[in-house]
Amino acid sequence: MNTYALDFETYYDKEYSLKTLGTDAYVEDNRFDPYLLAVSGSDGFRWVGKPVNFDWEKINGHTWLSHNASFDERVYLQMQRDTPSLAGINPSDWHCTSNLSVFCQGPRSLAGASKQWLRKTVIKDVRDKMKGRAADELLKDQAALDYAAKDSDLCLEVWNHLKSQWPVEERRLGRLTYQWGKKGVFIDSSRVNQSVDHLVFQLSQAEHLIPWAGERPPTSPKAMREACRDAGIQAPASFAMNDEAATIWFNTYSEQHPWIKAVRDFRRINMLLKKFNAVKRRIRPDGTMGYGMKYFGATPTGRWSGDAGVNMQNLPRGELFGTNLRKCIVPNPGNVFVSADLSQIEVRTLAWLSGDESYLQMMRDGYNPYNAAAQDLLGKRPEDVTPDEYQMLKGMILGCGYGMGEQKFRLQAPVLTGGKYA
């Protein structure tokens with residue numbers, strides 16, 4: 001059995017992209033055009049051109065590779081639906097060399113993996129110039145053809161260099177990560193639509209309180225500095241929401257000057273609205289939403305991380321501006337959600353490693369690890385801890401255990417508690 005590396009090039013532009021639409025909407029859009037395919041085989045076979053001109057029987061039943069297999073496979077499946085002659089043409093396995101590289105503690109990108117593992121430099125200038133160009137034009141561009149062919153060559157080389165280090169169970173886990181996201185989650189679309197409408201209204205209310213809105217962008221730093229000067233107050237060096245000085249400035253002056261709170265609310269509402277709209281765009285006809293997850297997203301622990309425009313591991317927590325994004329994710333009809341995790345494994349392990357016997361005993365007695373720390377850290381009984389305080393405790397304990405510094409924690413506190421602690 002041979003191994004073949006496949007690399008598809010598809011049309012994209014500023015508005016029509018994976019990041020904006022998500023994979024499902026991208027490949028199902030009428031602009032979808034997989035105009036170029038490059039194939040490199042372990043038998044020395046090499047081909048580049050229009051996918052419709054490729055002899056797919058040549059690689060049928062063999063092992064296929066791609067450096068971002070979750071995308072390339074989705075492209076192929078869409079082609080298979082649209083092209084009857086591809087029915088029955090499938091690989092025995094389809095492996096992802098991007099997953100392989102990160103498992104081996106290397107970069108995720110093909111350029112990074114090639115540099116680290118093969119000592120080869122990839123120049124991305126050609127790829128950057130392909131954006132927004134018509135397929136017919138690119139198929140006549142030898143530089144574009146050579147670029148695609150080189151990518152499939154490098155994909156095969158990375159595989160040959162590292163494949164022996166990737167256990168079978170990890171290969172399966174990498175593939176399952178893609179399949180989970182492809183299957184998706186069920187979405188309460190009615191609640192999403194209502195939330196979008198509500199946030200649009202909230203955004204207009206905040207904008208109404210900003211004096212220069214309509215003439216300049218509501219969050220214009222220049223306009224804010226001029227407003228500070230007119231009000232006789234010192235403007236911070238940065239207005240960024242995660243800037244400590246900006247947070248102190250906001251807490252000091254927001255009650256006296258309503259536009260300060262309005263600008264911050266506008267930013268937060270706008271960010272939240274973008275998240276809801278990202279979910280809304282990705283809802284499929286069956287009511288589900290596909291999502292992306294990065295296998296081995298965190299180095300070196302190997303934990304997953306979010307991907308593809310909707311970070312399922314970092315959705316806004318609790319109610320914000322009258323909306324709750326997490327509650328828009330619901331079980332499919334006839335099903336229920338089950339919480340299946342390792343019961344705060346990180347904090348329990350940290351307590352064991354540090355030898356904190358009294359803390360461990362409280363957990364043995366049935367206390368939740370974060371509530372158990374309430375007395376020592378907040379001077380409160382565990383049963384009196386509020387939801388916001390719980391999140392704060394969680395951040396304090398895990399942050400301390402993983403070496404988070406004071407400055408970083410000051411930035412994380414308002415994020416963890418929805419702005420309650422700053």
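The values are calculated or read from the model by the stated rules, or taken from the named source; none is laboratory data. These numbers were taken from a predicted model, which means no experiment stands behind them. Glycine also receives a Cβ, built like all others from the backbone with ideal geometry; neighbour counts cover every protein chain displayed. Heavy atoms of the whole protein, side chains included, go into the accessibility calculation; ligands, DNA and RNA do not. Shrake-Rupley method; radii C 1.70, N 1.55, O 1.52, S 1.80 Å.
In table form, for the structure just shown:
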{"read-out": "Residues (open to solvent by less than 70 Å² (accessible area, probe 1.4 Å) and either β-branched (V, I, T) or modelled with pLDDT of 90 or more (or both)) located in region 333-355", "value": "V347, T349, G355"}
{"read-out": "Residue count for region 19-46, restricted to those that are within 21 Å of G181 (Cβ to Cβ) and open to solvent by 60 Å² or more (accessible area, probe 1.4 Å)", "value": "2"}
{"read-out": "Elements of type helices (runs of 4 or more DSSP H) contained in region 219-329, each with 3 or more residues being more than 19 Å from the chain's Cα centre (by Cα) and of a type in the set (S, T, N, Q)", "value": "244-253"}
{"read-out": "Residues within region 295-314 that are of a type in the set (S, T, Y) and touching a residue at least 60 places away in the same chain (Cβ under 8 Å), tallied", "value": "2"}
{"read-out": "Residue, modelled with the lowest pLDDT, within region 185-218, restricted to residues that are part of a loop (DSSP other than H, G, I, E, B) and open to solvent by 30 Å² or more (accessible area, probe 1.4 Å)", "value": "G214"}
{"read-out": "Every residue from region 356-393 that is touching a residue at least 40 places away in the same chain (Cβ under 8 Å) and open to solvent by 60 Å² or more (accessible area, probe 1.4 Å)", "value": "P387"}
{"read-out": "The listed residue being within 18 Å of Y11 (Cα to Cα) and modelled with pLDDT of 80 or more, out of D128, D141, D136, D151", "value": "D151"}
